[in-house]
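Down below is the structure, laid out as structure tokens.
The values are calculated or read from the model by the stated rules, or taken from the named source; none is laboratory data. Remember, predicted model here, so these are calculated numbers, not experimental data. In this analysis, Cβ positions are derived from the backbone assuming ideal geometry, glycine residues included, and neighbour counts consider all displayed protein chains.
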Amino acid sequence: MAANPATTALDLHRLVGDAVRAGQASVTLPAGEHLVSPRLLPDRQVWISNNDSGVKPILFDLSDASDFTLEGNGARILVEGVLIPLLVQNSRRITIRNLTIDWIRPGFTEAEVTAHIPGGFEFTTAPGADTFTVNAGRLTAIGGGEWPSGHLYNVLAFDRARREPAARFHENWQIERTHRATDLGGGRFRIEADFSQLPPLGGPIIFMHGDRVAPAVVLDTSDAVTLEDVTIHHALGMGVVAQACRDLTWRRIRVIPSGDRLFSTWVDAVHAVDCGGFIKLLDCEFRGMFDDGANLHGAHRRVDSWPAPDRVVVEAMHHQQPGVVYLRPGDTCQFANLTTLSTLAEAGVVAVRTLNSRLQELTLDRPLPDLAFRPLAVRRAEASMLTEIRGCTIGPNRGRALLLTVPGKITVAGNRFHSSGNAIEVPPDAAYWWESGPVADLRIEENVFDACGFAMCGQHLLLVHAPEGPAPLHGRVSFNRNTVALVGSALVQARRLACLEMRGNTFTRRTDYPWVDAPVPLDLAAVGEVHADPLPLAWP
């Protein structure tokens, strides 16, 4: 008789929890495949940046642990429903290795387009699979347990031979608001909506539903965490999320599709928010995710009030920021003009007091009376922070390869990128995602950029954003000795950058993707110094 998934989950939960509470140095999971469900698992409120926070069942809970190793022993965790497979919170010197995580019913559904109709198309799902039902004209996914199956975010066309999003296909966001569905019977459906572009006849499509409800791994306020030889085939959210952590080593993390699937995680493969010390991504492989390979950033908060010259109340502005402690005692914070993001002052954080999920009060190591009554953003700063991304393969995926808005020195070397959007992006803002901040020293060296920007998301190798304001906001960016196969003539767009260096790069043209011309290869504004080799006037 097959094991009960709920009982299996509870047994695994207790095995790890008992070892942590007993102060053991390690625990080894039983080898093999384990089907788990959330029914009997303990749950609690978990605040997760850039995902949907809430009360979540937890499979492996490594909270308040130290000097502990979770040896996966090659175990494969198959999740049905909504749960967080691994939570590490308020812990030190933790190692997780040799573990695979997947979902039985993912937050995507693959189908095939069988006919075009006015304003829509007909499609069929896999034979014998109960994947959709139609309720009051709305397409609803089934079989996902508690995840929000009525949401329909996007329909994306894929190239089956290349196993990647179709080149130059317009994405169809927000069709949940406009679509009308009909069940034609036998796994056949019709959908009509305000499509920006109909997917090709006979080609595979991916329906994106659900939400960011369950990342595979959540690391919170924990230090010296190593993930090694961890494979994530799917997650109902991001693959790995780290927030307010220090000294992270992620070695041979693989976020890749399982079996015949064309997709992996619902959004980013890995994501780190206001982490410090060092972040190392070494020999990782990220492909098939429906957003970025790695997004490493800080978080801007808005200044709400000044109870005293050395005390400031700050507010989480994005709806996926509340409840997360981004600043910890001992951190340094910068106060910036809310519009231009230019730094106005810097102070150390002595204490942090949480007032509620949105508001925190910071006690500073010195008074800052001149900042009162100004519109300000606050961000974490650490000049000595080191970020290293080496030997990784990112793409194909729907989205960008790297988003980088962390302080200190960033080295991106010896990687291979094949993203549907911009390859590397630096997007600080205090208006939408509220992700900080300026980069000081970004070195992009000896990488391979293969047809990045092949879909409609963007065409730049490097995109450095900044709002208008006094230059510079960013420090130095070097793009040296890289090998680039282009699908368009746009190379770099940069704003308010002190220095851009481009030396020793090799450019060729991919002729098997549509080519997109840009007005200029280098679109630069308020860039102080430019040291670049001559670019080819006519692309090969």
Pick from region 140-149 the residues that are touching a Ser or Thr at 6+ places or on another chain (Cβ under 8 Å) and in a loop (DSSP other than H, G, I, E, B): which of them is surrounded by the most Cβ atoms within 10 Å (Cβ to Cβ)?
S149
Restricting region 260-279 to residues that are among the aliphatic types (A, V, I, L, M) and not in a strand (DSSP E or B), the one surrounded by the most Cβ atoms within 10 Å (Cβ to Cβ) turns out to be A269
Return the residue satisfying two criteria in turn: it lies in region 327-383 and is among the charged types (D, E, K, R) and part of a strand (DSSP E or B), and of such residues it is surrounded by the most Cβ atoms within 10 Å (Cβ to Cβ).
R379
As an exercise: evaluate N98 against (1) assigned to a strand (DSSP E or B); (2) touching a residue at least 60 places away in the same chain (Cβ under 8 Å); (3) in contact with a Pro (Cβ under 7 Å, 6 or more places away or on another chain); (4) in the same structural domain as V20 (by TED's automatic domain parsing) and give the number of the one condition it does not meet.
(3)
So if I check each of D304, D247, D229, which one is of a type in the set (D, E), in a strand (DSSP E or B), more than 16 Å from the chain's Cα centre (by Cα) and closer than 19 Å to P85 by Cα?
D229
In region 488-524, the residues that are closer than 18 Å to F449 by Cα, among the aliphatic types (A, V, I, L, M) and without any contact (Cβ under 8 Å) to a residue 40 or more places away in the chain
A490, V492, M502, L522
What number of residues within region 110-139 satisfy the criterion of being in a strand (DSSP E or B) and over 23 Å from P165 (Cα atoms)?
4
Residues that are within 23 Å of the chain's Cα centre (by Cα) and either within 17 Å of L371 (Cα to Cα) or in the same structural domain as D274 (by TED's automatic domain parsing) (or both), drawn from region 307-340:
E315
Please determine whether any residue of region 195-206 is surrounded by fewer than 24 Cβ atoms within 10 Å (Cβ to Cβ) and under 20 Å from the mean Cα position of the chain (by Cα).
yes
Return the only residue of G119, G32, G128, G74 being modelled with pLDDT under 95 and touching a strand residue (DSSP E or B) at 6+ places or on another chain (Cβ under 9 Å).
G119
Quick one: which of G74, G81 is assigned to a loop (DSSP other than H, G, I, E, B) and at positive phi?
G81
Is it true that some residue in region 150-162 is within 28 Å of V36 (Cα to Cα), assigned by TED's automatic domain parsing to the domain that holds P200, assigned to a strand (DSSP E or B) and not charged (D, E, K, R)?
yes
When you check V484 against the structure, is it farther than 17 Å from T506 by Cα and assigned to a strand (DSSP E or B), yes or no?
no
Kindly evaluate V412 against the criterion of being buried (at least 22 other Cβ atoms within 10 Å of the Cβ), in contact with a Lys or Arg (Cβ under 6 Å, 6 or more places away or on another chain), modelled with pLDDT of 95 or more and assigned to a strand (DSSP E or B).
no
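Every residue, every condition in (1) loosely packed, with under 15 Cβ neighbours inside 10 Å; (2) assigned to a loop (DSSP other than H, G, I, E, B); (3) aliphatic (A, V, I, L, M), yes or no:
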residue	(1), (2), (3)
M502	no, no, yes
F507	no, no, no
Y513	no, yes, no
A526	no, no, yes
H531	yes, no, no
P536	yes, yes, no
